[in-house]
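Shown next, in structure tokens, is the structure this report addresses.
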Amino acid sequence: MKPKGKRGRPKKGSEPRDKKQSVLEKQLAQTTEQAIGGLNTLCSWGCKRNSQGNNNYWKGYKLHLDVTDSGIPISAIVTGANVHDSQAAIPLERMSSERVTHLYSLMDSAYDAKPIKDFIITSGRIPIIDPNKRRKQQRVLSPAVKQRFKIRSTVERSNAHLKDWLIPSKIMVRGPDKVAHILMTGVLCLAAIKILQYCIVPDLQKTA
């Protein structure tokens, strides 16, 4: 077993320490199944900052969702509440690319990470990710990209639709499998509603 060294900068002339790979860096070389399997799926504590700048804490699970421009769910992953949103980005990208052909990947500032961008670019798509304001080197989206990024609000409306109408406010079951079953049932209902709204009803109105 390799002995642990002291914290801080290594001494001059000493061998540099091996940098530990991040979760995102590991996912680049993993399959979809391996990447999802490496995420925590057990009940845990989560924290998210609301629009007022206050932190909201909860114990439970988190649903990660990937939708089309019209809000039709393509891929979904259920994890523990402590899993950061960015850790589900690459697995969701892999899943979605197997199901639909898309040219752009829109994400908010939580996904502003180099491994995610590199994966999207090497997959032949264009990443449109809101720059993280915490970074020292600030980037600004061009006017054309900003216009395209507005469609990002679709996923927020899809999440709100799920929370308000299709998923119970409190899930009274134990275990990740049972929780995932309830959440995925809501996602399935959302997909049916969106397909009916955008694909079936317009065609019926044309023939009416």
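The values are calculated or read from the model by the stated rules, or taken from the named source; none is laboratory data. Remember, it's a predicted structure, so these values are computed and weren't measured experimentally. Cβ: placed from backbone, ideal geometry, glycine included. Neighbour counts: every protein chain shown.
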Close pairs (6 angstrom Cβ cut-off, 6 or more residues apart or separate chains): among the polar types (S, T, N, Q) in the stretch 45-70, in a strand (DSSP E or B) anywhere: Asn50/Asn56; Asn55/Cys47; Asn55/Arg49; Asn56/Lys48
So which of Ser44, Ser75 ends up being within 25 Å of Ile182 (Cβ to Cβ), within 13 Å of the chain's Cα centre (by Cα) and not charged (D, E, K, R)? Ser75
Within the stretch 79-95, can one find any residue that is part of a strand (DSSP E or B) and within 22 Å of Val187 (Cα to Cα)? yes
Filter result (in contact with a strand residue (DSSP E or B) (Cβ under 8 Å, 6 or more places away or on another chain) and among the hydrophobic types (A, V, I, L, M, F, W, C)) within the stretch 27-44: Ile36, Leu39, Leu42, Cys43
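Yes or no, residue by residue, for (1) farther than 16 Å from Thr68 by Cα; (2) of a type outside the set (Val, Ile, Thr):
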| site | (1), (2) |
| --- | --- |
| Leu103 | no, yes |
| Ala113 | yes, yes |
| Lys117 | yes, yes |
| Ile128 | no, no |
| Lys146 | yes, yes |
| Lys150 | no, yes |
| Arg157 | no, yes |
Please work out if Leu162 is out of contact with any Ser or Thr (no Cβ under 8 Å at 6 or more places or on another chain), part of a helix (DSSP H, G or I), surrounded by 14 or more Cβ atoms within 10 Å (Cβ to Cβ) and aliphatic (A, V, I, L, M). yes
Are any of the residues in the stretch 135-147 closer than 30 Å to Thr185 by Cα, out of contact with any Gly (no Cβ under 6 Å at 6 or more places or on another chain) and either modelled with pLDDT of 95 or more or surrounded by 12 or more Cβ atoms within 10 Å (Cβ to Cβ) (or both)? no
Flagged in the stretch 120-134 as under 23 Å from Ser153 (Cα atoms) and touching a residue at least 12 places away in the same chain (Cβ under 8 Å), in numbering order, are Ile120, Arg125, Ile126, Pro127, Ile128, Ile129, Asp130, Pro131, Asn132, Lys133
Only one of Val140, Val145, Val100, Val201 is over 19 Å from Ser75 (Cβ atoms), outside any helix (DSSP H, G or I) and β-branched (Val, Ile, Thr); which? Val140
Count, please, the residues in the stretch 151-172 that happen to be touching a residue at least 60 places away in the same chain (Cβ under 8 Å) and polar (S, T, N, Q). 3
Somewhere in the stretch 51-64, is a residue touching a strand residue (DSSP E or B) at 6+ places or on another chain (Cβ under 9 Å), on the phi < 0 side of the Ramachandran plot, modelled with pLDDT of 95 or more and not in a strand (DSSP E or B)? no
